Amino acid sequence: MSFIEVLSQFETFDIAAYLANVHPQDVERTLRRDRLTWQDFLNLLSETAGDYLEPMAQKARQLTIQYFGRTIQLYIPLYISNYCSNECIYCGFNRTNRIIRKKLTLEEIDAEARAISETEMRHILVLTGEDRNVTPFEYVESAIQIIKKYFSSVSIEMFPMDEIEYRQLKAAGVDGVTIYQEVYDRNVYKRVHRAGRKTDYQYRLDTPERGARAGLRNVNIGTLFGLGEKRSEAFFSGLHAKYLDDTYLDTEIGLSLPRINPAEGGFQPYDLVDDKTFVQFILAYRLFLPRVGISVSTRERAEIRDRLLYLGATRFSAGSRTDVGGYTKPHDSSTPQFEISDNREVSEIIHTIKEKGMQPVFKDWELI
């Protein structure tokens, strides 16, 4: 079984009709429950639940402290290439965009990793565009072996791989994979992914499971808000996380909530998620998925991220650059993948977390 079979069960289910018929008493009944069903999750995603953010927030805070303590794990992204063979109309790395492309040499990767390690950050997320010809598996493996020298935890966000490749990267030092389905709606998926290997919907959908079967400690998924209808996308990404959490008991499952930011190509979101709805979704995720980590990246404004310290978020990126070579040569780097909204330095974010009564976590795992 894979998650595609779970999705197929909802092919004829009218989510919009269900959401339109959620009444206040349905939300109140859901909030009294300790273990939530998928119907409860939909209740919390409904517009009706927007009037219950305060009780949702109180329960979300309680659950977050219960399962994660008063901690925020910090990580930092490192882009090593922005060459891409896909034609995703929303992405700055779209192969048709005329941008400055760059691929780091192994020596440059070492320099970038060393520069990042001089901060307190010990969890790193390594990213590339999706072009196996420019960044073949052997290049990725060599890059990981270099980066691992500086960090206790190395995750990757790259082109989907086969299970055997994830096993090889685990041996090289990788302990986590981030892979976004981007959009669960098949019709929208086909419309926004015009060419390249990323057009294969099911291969991408099954990627988190290949990573989990390969023994990676952490698997992080998510939808890119702004492509599909927001409430159904929140629902399906939550179901996906629930399925993974229930199926792969030795794997820590994480969930991200990226919203589309301005990028090269000028794509305009199909369905905007305003701040209130964004907060509501995080609260709903936490109540439905109390054990699942929730990441909020520097795509979000500082004031939004600071509010979420109390409301279910467990992981923050900090000091991020989305250009290749941006840590050592900020004036000689590539075109960024997207604009960052929270430009604070690592030290500033650490100060804020502590000021809010939380503990920043730089290292909670080390692969030996």
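The values are calculated or read from the model by the stated rules, or taken from the named source; none is laboratory data. Being a predicted model, the structure only gives us computed values, none of them experimental. Counting neighbours? That spans all protein chains shown, and the Cβs are built from the backbone with ideal geometry, glycine included. These accessible areas exclude ligands, DNA and RNA; they are computed on the full protein's heavy atoms, side chains included. Shrake-Rupley method; radii C 1.70, N 1.55, O 1.52, S 1.80 Å.
Descriptive notes on the structure:
- Rounded percent of accessible protein surface that carbon and sulfur make up, the chain, 1.4 Å probe: 47
- Separation between Cα centres of region 199-215 and region 293-359, rounded to whole Å: 27
- Region 217-280-region 1-79 distance, computed between alpha-carbon centres (Å): 12
- Within straight-line reach of residue 148, meaning a Cα separation under 13 Å, sit the following aspartates and glutamates at least 8 residues removed in sequence or on another chain: 110, 112, 175, 366.
- When all protein chains stay in place and ligands, DNA and RNA are ignored, the 1.4 Å accessible-area order of 203, 79, largest first, is 203, 79.
- Gyration tensor (alpha-carbon) shape descriptor, region 77-118, a/c threshold 1.5: prolate
- Placing +1 on the Cβ of every Lys and Arg and -1 on the Cβ of every Asp and Glu, with no other charges, gives the chain a dipole of roughly 240 debye about its Cα centre.
- Segment residue 339-residue 358, extension gain: residue separation times 0.36 nm, minus the distance between their alpha carbons: 4.1 nm
- Over the chain: helical MRE at 222 nm, DSSP H runs n ≥ 4 each giving -39500 (n - 2.57), nearest 500: -11500 deg cm²/dmol
- Long-range amide H partners of residue 157 with built H, under 5 Å: 126, 127, 128, 178
- Each label point was placed 7 Å from the Cα along the Cα-to-Cβ direction; for residue 246 and residue 301 their separation is 3.8 nm.
- Residue order for 362, 13 - accessible surface, 1.4 angstrom probe, largest first: 13, 362
- Label point distance in nm, residue 115-residue 65, each placed 7 Å from Cα along Cα→Cβ: 4.1
- Taking all pairs of distinct alpha-carbon atoms in region 216-313, Kirkwood radius in angstrom: 14.0
- Residue 107 exposes around 140 Å² of accessible area when a 1.4 Å probe is run over every protein chain in place.
- For the chain, the cysteines with no partner cysteine C-beta closer than 4.7 Å are 84.
- For residue 309, the solvent-accessible surface with a 1.4 Å probe is about 0 Å², rounded to the nearest 10.
- Charge tally in the Cβ shell below 9 Å around residue 40, where Lys, Arg are +1 and Asp, Glu are -1, residue 40 excluded: +2
- Contact order normalised by residue count of region 217-368, Cα under 8 Å, 6+ apart, percent: 21
- Accessible surface, 1.4 Å probe, highest first, among residues 161, 1: 1, 161
- Debye intensity ratio I(q)/I(0), log10, the chain, q values 0.10 Å⁻¹ (C-alpha model): -0.59
- With the Kirkwood sum run over all distinct C-alpha pairs, region 152-210 has a hydrodynamic radius of 12.5 Å.
- Taking all protein chains together and rolling a 1.4 Å probe, residue 344 ends up with roughly 40 Å² accessible.
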